[in-house]
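J.: Sharing a structure with you now.
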Amino acid sequence: MSVASVQDEKTPVMQTLPTDEVRQIMWRFADRYDLQMLVQSTRAVARGVVARIVAEGARNTHEWTDAKDQMLKAYDESGITAMMSTPEFGGYLAGPKNFVMALTAFELAWVDAGAATCSLAAGLALEPILEKGTPEQQAEYLSRCVPPLPGEDRKIARGAFCLTEPLPYVGVDTGIMCGKVRVAEWEEGKEPLLQVDKRGRFITNMDYANFVVAAVESDDDRIKGTCMVILEEDDDGVYDRGAVTHKLVHQLSSTRDPIFHMTVPASRIVGGYTIQDGVVVPNHNHGKVLEAVFARTRVPVGVMTAAKLVSAVEPIIRYQRGRFRGGEGAPGTPRYDLGLQMKEDVLHRLVDVWATGEAATSLGLAAARHFDEFEELDKTRDDLYAEAGASSVREILKIRKKTEKLALEYLDLLTQSEEERDEARIAELKSNRLVEFMIGESLSNILSPATKLWNTGQGANMMREAVSLMGGYGITEDCPGFLPQKWMDSQLEATYEGPESVQRRQLIVTMTSELFLAQFRQWIVELRTLASERPGTGACTLGSAMELWLWTYRHLQDSKDADGKPLYRDKRQGATFPMADALSWLLACRCQILDCLELAKKGPENPVLGDALPGYVQFFTDLCHVQAAHAAGEVSRICADLVYGYNRHPSWDPACEQCVQAGEIDCLEGLIPGISVGARLSGDVVETDGSHANKAGPCPHFTGMDGFISRRNKLDGCLTGSRLAKDRAGNVLSQVMIPEALDYPI
Amino acid sequence: MSNGFHIVVCGSLVPDPLQTLQPVMGASGLPELKSEMMLPSVLDPWAGHALFEAAHLAAKTPESKVWLVSAGPKARLQQLMMTLAQKVPFELVALDGSASGFTDASSVAKSLSEAIEGIAGLDRSRMLLFGGCASASRDAGATMQIVGERLSIHDQFLAVDELDVENDGSLRILERIEGGQYLESVCEGPPAMLGWATGTLPEPKNNPQVGMMNMRTIMPALQRAQSVSVGAGDSTFASVEVPQQRRETRIVKDLPADEIARELVEWIRS
């Protein structure tokens, strides 16, 4: 490819693959040495123990083996196990854990996502206790789950989270459950003993879990509703780890179908209980616990797939460059030095893989950071409602409605110019914690499902592309970087913790929030401003794509199909689900641009980056532009499909209003000479013998679609320059320095 | 009186050996590695052995303390500490300067020795000066000796693999010499300089608790790191190039150990 066509001498070129300094700035943990240490520590485990056992074939069995057990020991020693706990209980990281979990998942999934799942599932078992557990439960399990401190003699408690059952839809629909809980014994004045019967399916960590947090439903009048309950392996009864799941993927994580028939004290109900009129009333039903847990834990899963895409870059570059070495062509010749990278296509495709990986990582980590920032407020939601005088469901709904108006007013004020807006009112609304909560909540409800949906779904598609770039090598066990395994694994990531349809269902509801839409409109304005300050990032393209999405969304809300049925309804998934997909493309792209901007802004503060910074910024800017164009194309296609696709195409039916009958225009020929020929050239004319132009029917008219057409035309024009950006990025990939060898075994 | 050691380890960063290390002439007229600042770095392996041996010795000798004196670009040292700080307990003395392999040993030694002289609370009579017997980036093998001389430490041992403290407080030291043999020496005690070869200890596993503890002093140390001028002295460089390959590596799979041993013996005899 021609360098001169896309780069002049002044265009900075990225010399090396992005370093830790670059990532720390982009992903906003440059000032968190605790997280930087965790990243290094996790990386050492991932590229050491984990990579070694994968290379030695540990994935070739479903059983839990000594080799896999080594991985857990490495987690214990390196601090991965203890990351979920807090310093007061023997952990070493204070504060929320969402970003911590996401970074750990990223590093582990860089090598093997099963290893990441192993770590994540331990966190998943603790999450209900962290989120809703009683202080006693938190003290008990957060201190037992960390490795023994000096002087302690105990085993580490490892947990499993047991929701899914052999019955379909358990977990997907929280209203369906077979696991039961009854009162086994209740002596006067004493704590009730509960009989728990639960069969689990696809339960992670079951080979070695010492305790299980299980979702159950009451089968006894003396217990109300549902709850989550903690089962210990040495409790009375059956603690059967069950049959091993024959997974084709994620073999480094343990998965089994356990069976529990156990008697446990009622104090094991997560979050505790009260006795009301002789009935055990759990303080939290299982749905409430799940809501708190899954809102967050889906994010690291999305980050896993993102990590795999970024991890694929280096092995692919090495493969491409070395493809022809050993054959004809001496060092110094393009064939020897560049190998496959002499060809534009492989470079462009790798740019696409990398750009997707960047966007996915940016979205996942932005979501994780959001949950960290929002966590404290989120935990006080009940107190906030209480302070506002709302205790019943009805009162809460009423106060939410009232607060939503205030929040919308606040967001509207923020869009006004500083000279015009009422600062006092802004300050007043900003200090309203419920307003802050509802704005944060509206984002949480979008970011989590969007990350899970887009990162894993589109990520899996792009992993296939990555595998294809390795040629025949890509479907062998020897493929560097374990790319085929990563491709397969990504399908599980798209499935567990709520498959794609679940995420779409959530999004089509939450994206209708006016609070979210107000922020969405604000983002469009911000992207326009950003585009004027930093052209070339694709911010303008993205802004136009977001406008098209918004127009389409409003249109679908009010539109009906050709049979008069409304479009934007829960059951019309053909109309709603694609809009959720399109929104996810946009969100990922926006986060990617913001990360690039952060690097440009904060990079100069790091002396190490120095002269290399402009090269990094230019490259990431080009990746943003490429991804923005890709996202714009997807959104444009989806929106056009939905806007036009539900209209019935006119046919050559004699009653067709858009057809012109030949007899009618021929009669007019005497009055308007030439109309007969002109109408035949420009319109759809049915001849007297019934014949017509050779096509499906008269061309449809687009009355009322001007808004859509103008926005789509504009968006098409906004793609200007995106291919040049791809050329530049591809050119960098053919020059960038890579290490001599991969830093983990193959 | 305390019997503990005050162990000062000199060591800094070198580029990760997996990277492509391509020497080029820099704009200043001094050689450097291509994209040197952006190459990931690790602790110089020999200095690493010295640090791990120091921590091990300190752990089994009450009232001992370990300092790590490092000269390198401050921001890169900070990055290195994110891994190193989790290995063993130590206190960092950071010097903000070049960690290039194209510097002069005496210049480096001067900066290091001055920094050591400035360590508050360091009891020079109990001091053991540790470092690598060589460096992966500047393999003159002279730096530690000069640091020792500048600090008036005359008991110097190079290519050390083992150090034992005897009951009477004397030090029994094994130094590598030719032919796979060791020179065993005994010195009365500190102060002494030991330039370590590989030692006998494995690399410690990461321990986040140790890391969090170390970082309390490491971050302030990095913030107050003094700027030092570590240069190449009067040396001038005409050109730089990757060393010529002197041997051919043969890669074989599944060769029996006896066969490998036979080839090695044959090679040694030749």
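The values are calculated or read from the model by the stated rules, or taken from the named source; none is laboratory data. Predicted model only: the values in this text are computed from it and were never measured. Note that each Cβ is placed from the backbone with ideal geometry, even for glycine, and that neighbours are counted across all protein chains shown. Ligands, DNA and RNA are excluded from the accessible area calculation, which covers all protein heavy atoms including side chains. Shrake-Rupley method; radii C 1.70, N 1.55, O 1.52, S 1.80 Å.
J.: Quick check: the distance between the Cα centres of region B:220-270 and region A:524-571, to the nearest angstrom?
T.: Using only Cα atoms, the two centres lie 59 Å from each other.
J.: Checking the a/c ratio against 1.5 first, then a/b against b/c, what shape does the Cα gyration tensor give for region B:173-241?
T.: Note, shape of region B:173-241 comes out oblate.
J.: Kirkwood hydrodynamic radius, region A:159-293, all distinct C-alpha pairs: what's the number in Å?
T.: With all distinct Cα pairs of region A:159-293 included, I get 15.0 Å.
J.: Please calculate how many Å² of accessible area chain A carries per residue, with a 1.4 Å probe and no DNA, RNA or ligand atoms counted.
T.: Dividing the accessible area of chain A by its residue count gives 41 Å².
J.: Using all C-alpha to C-alpha distances in region B:65-196, build P(r) with 10 Å bins and read off the rounded percent in each one.
T.: The percentages, shortest bin first, are 11, 39, 37, 11, 0.
J.: May I pose another question? How would you order A:701-710, B:60-69 from highest to lowest mean count of nearby Cβ atoms within 10 Å?
T.: B:60-69, A:701-710
J.: Also: Please sort A:41-47, B:101-107 by packing, taking for each peptide the average over its residues of neighbouring beta carbons within 10 angstrom, highest first.
T.: The densest-packed peptide leads the list: A:41-47, B:101-107.
J.: Label-point separation (nm) for A:His62 and A:Arg521, each offset 7 Å from Cα along Cα-to-Cβ?
T.: With each label point 7 Å from Cα toward Cβ, the separation is 5.4 nm.
J.: Work out, in µm²/s and without decimals, the Stokes-Einstein translational diffusion coefficient of region A:272-390 at 25 °C, 0.890 mPa s, Rh from Kirkwood over C-alpha pairs.
T.: Translational D for this selection: 129 µm²/s.
J.: Where the centroid of each part is defined by its Cα atoms, how far is region A:26-105 from region A:705-746 in Å?
T.: Using only Cα atoms, the two centres lie 33 Å from each other.
J.: Need the C-alpha centroid separation for region A:436-477 versus region A:187-202, integer Å.
T.: Value for the Cα centre distance between the two parts: 39 Å.
J.: Further, regarding this structure: Hey, could you pull the Cα Rg and Dmax for region A:6-94, both in Å?
T.: Expressed in Å, the Cα Rg and Dmax of region A:6-94 come to 18.4, 58.
J.: Same structure again: Could you work out, residue by residue across A:737-746, how many beta carbons of other chains sit within 10 Å of that residue's beta carbon, and then give the average as an integer?
T.: That average works out to 3.
J.: Then there's this: For A:Glu376 and A:Tyr473, compute 0.36 nm times the residue count separating them, minus their Cα-Cα distance, and round to one decimal in nm.
T.: Working it through step by step, the gained length comes to 30.1 nm.
J.: With both bridge residues required to lie in region B:119-270, what share of the DSSP beta bridges run antiparallel, to the nearest 5%?
T.: So the antiparallel bridges in region B:119-270 amount to around 55 percent.
J.: Rounded to the nearest 0.05, what FRET efficiency do A:Cys667 and A:Lys343 give with R0 = 45 Å and r taken as the Cβ-Cβ distance? Could you check?
T.: The formula returns an efficiency of 0.10 here.
J.: Follow-up. Using R₀ = 22 Å, calculate the FRET efficiency as 1/(1 + (r/R₀)^6) where r is the Cβ-Cβ separation of A:Ala55 and A:Glu328; round to 0.05.
T.: Efficiency, from the Cβ-Cβ distance: 0.10.
J.: Quick one: grab the alpha carbon gyration tensor of region B:113-179, order the square roots of its eigenvalues as a ≥ b ≥ c, and give me rounded if a/c is under 1.5, else prolate or oblate depending on whether a/b is larger than b/c.
T.: It is oblate, given that a/c is not under 1.5 and a/b is not larger than b/c.
J.: I'd like to check one number: the per residue accessible area of region B:1-123, probe 1.4 Å, reported in Å² as a whole number.
T.: 35 Å²
J.: A further question on this structure: Working from the alpha-carbon coordinates of the protein assembly as shown, get Rg over Rh, Rh being the Kirkwood radius.
T.: Value, to two decimals: 1.03.
J.: Still on this model: Within a 10 angstrom radius of each residue's Cβ in B:65-75, how many Cβ atoms of other chains show up on average? Whole number is fine.
T.: 1
J.: Please report, for the Cα atoms of region A:682-746, the Rg to one decimal and the Dmax as a whole number; what are they, in angstrom?
T.: For region A:682-746, the Cα radius of gyration and maximum Cα-Cα distance read 25.8, 77 Å.
J.: Could you grab the relative contact order for chain B? Cα pairs under 8 Å, six or more apart, rounded to a whole percent.
T.: Normalised by residue count, the contact order of chain B is 25 percent.
J.: Where Rh is the Kirkwood radius over the Cα pairs of region B:6-238, the temperature 4 °C and the viscosity 1.567 mPa s, what D in µm²/s does Stokes-Einstein return?
T.: Result for D is 72 µm²/s.
J.: Now a separate question. Pop out the carbon and sulfur fraction of the accessible area of chain A as a percent, whole number, probe 1.4 Å.
T.: After summing per-atom areas, the C and S share lands at 51 percent.
J.: Within region A:277-321, whose backbone N sits under 16 Å from a point 7 Å along Cα→Cβ of A:Trp186?
T.: A:277-283
J.: Sticking with this structure for a sec: Count the DSSP beta bridges whose two residues both fall in the protein assembly as shown, then state the antiparallel fraction as a percent rounded to the nearest 5.
T.: If we restrict to bridges inside the protein assembly as shown, about 60 percent are antiparallel.
J.: On to the next question. At 7 Å along the Cα-to-beta-carbon direction for both A:Asp153 and A:Ser532, put a label point, then send me their distance in nm to one decimal.
T.: Placing both labels 7 Å beyond Cα along the Cβ direction yields 7.3 nm.
J.: For region A:342-412, take N as its residue count and report Rg(C-alpha) divided by 2.2 N^0.38 Å.
T.: Rg over 2.2 N^0.38 Å, computed on Cα atoms: 1.94.
J.: Looking only at region A:630-648, which residues have a backbone nitrogen under 15 Å from a spot 7 Å from the Cα of A:Asp561 in the C-beta direction?
T.: Answer for this model: A:641-648.
J.: B:Ser28 to A:Lys247: FRET efficiency via 1/(1 + (r/R0)^6), r the Cβ-Cβ distance, R0 41 Å, to the nearest 0.05?
T.: With R0 = 41 Å, the Cβ-Cβ based efficiency is 0.10.
J.: Could you name every residue in region B:6-41 that has 50 Å² or more less accessible surface in the full protein assembly than in its own chain alone (probe 1.4 Å, ligands and nucleic acids excluded)?
T.: In region B:6-41, residues shielded by partner chains: B:Leu18, B:Thr20, B:Met38.
J.: Taking a quarter of the surface of the Cα convex hull of region A:272-339, what do you get in nm²?
T.: 7.2 nm²
J.: Using Cα positions and a limit of under 16 Å, work out the lysines in reach of A:Lys198, with same-chain residues fewer than 8 apart set aside.
T.: A:Lys180
J.: What are the ³J(HN,Hα) values, in whole Hz, obtained from phi via the Karplus relation 6.51 cos²θ - 1.76 cosθ + 1.60 with θ = phi - 60°, for each residue of region B:192-198 in sequence order, with x given for Gly and Pro?
T.: Each residue's phi maps through the Karplus curve to give 8, 10, 10, x, 7, 8, 8 Hz.
J.: Separate question: Determine the alpha carbon to alpha carbon distance for each of B:Lys205/B:Lys253; A:Lys68/B:Lys60; B:Lys34/B:Lys74; A:Lys402/A:Lys565; A:Lys68/A:Lys132; A:Lys401/A:Lys560 and list only those over 25 Å.
T.: B:Lys205/B:Lys253; A:Lys68/B:Lys60; A:Lys402/A:Lys565; A:Lys68/A:Lys132; A:Lys401/A:Lys560
J.: Report the normalised scattering of region A:394-436 as log10 I(q)/I(0) at q = 0.15, 0.21, 0.25 Å⁻¹, calculated by the Debye formula with identical scatterers on the alpha carbons.
T.: -0.38, -0.64, -0.81
J.: Once B and A are treated as a pair rather than alone, how much accessible area drops out, both sides summed, in Å² to 100, probe 1.4 Å?
T.: 2500 Å²
J.: Also: Sort the following peptides by mean Cβ neighbour count (other Cβ atoms within 10 Å, averaged over residues), highest first: A:678-687, A:578-587, B:10-19, A:323-332.
T.: Top of the packing list down: A:578-587, B:10-19, A:678-687, A:323-332.
J.: Report, by chain and number, residues whose modeled amide H sits under 5 Å from the one on B:Trp67, excluding near sequence neighbours (fewer than 5 apart, same chain).
T.: Excluding prolines and chain starts, which carry no amide H, the hits are B:Ile7, B:Val8, B:Val9, B:Glu91.
J.: Assuming 0.36 nm per residue, please report the length gained on full extension of the stretch A:Asp277 to A:Cys178 beyond their Cα-Cα distance.
T.: Result: 33.1 nm gained on full extension.
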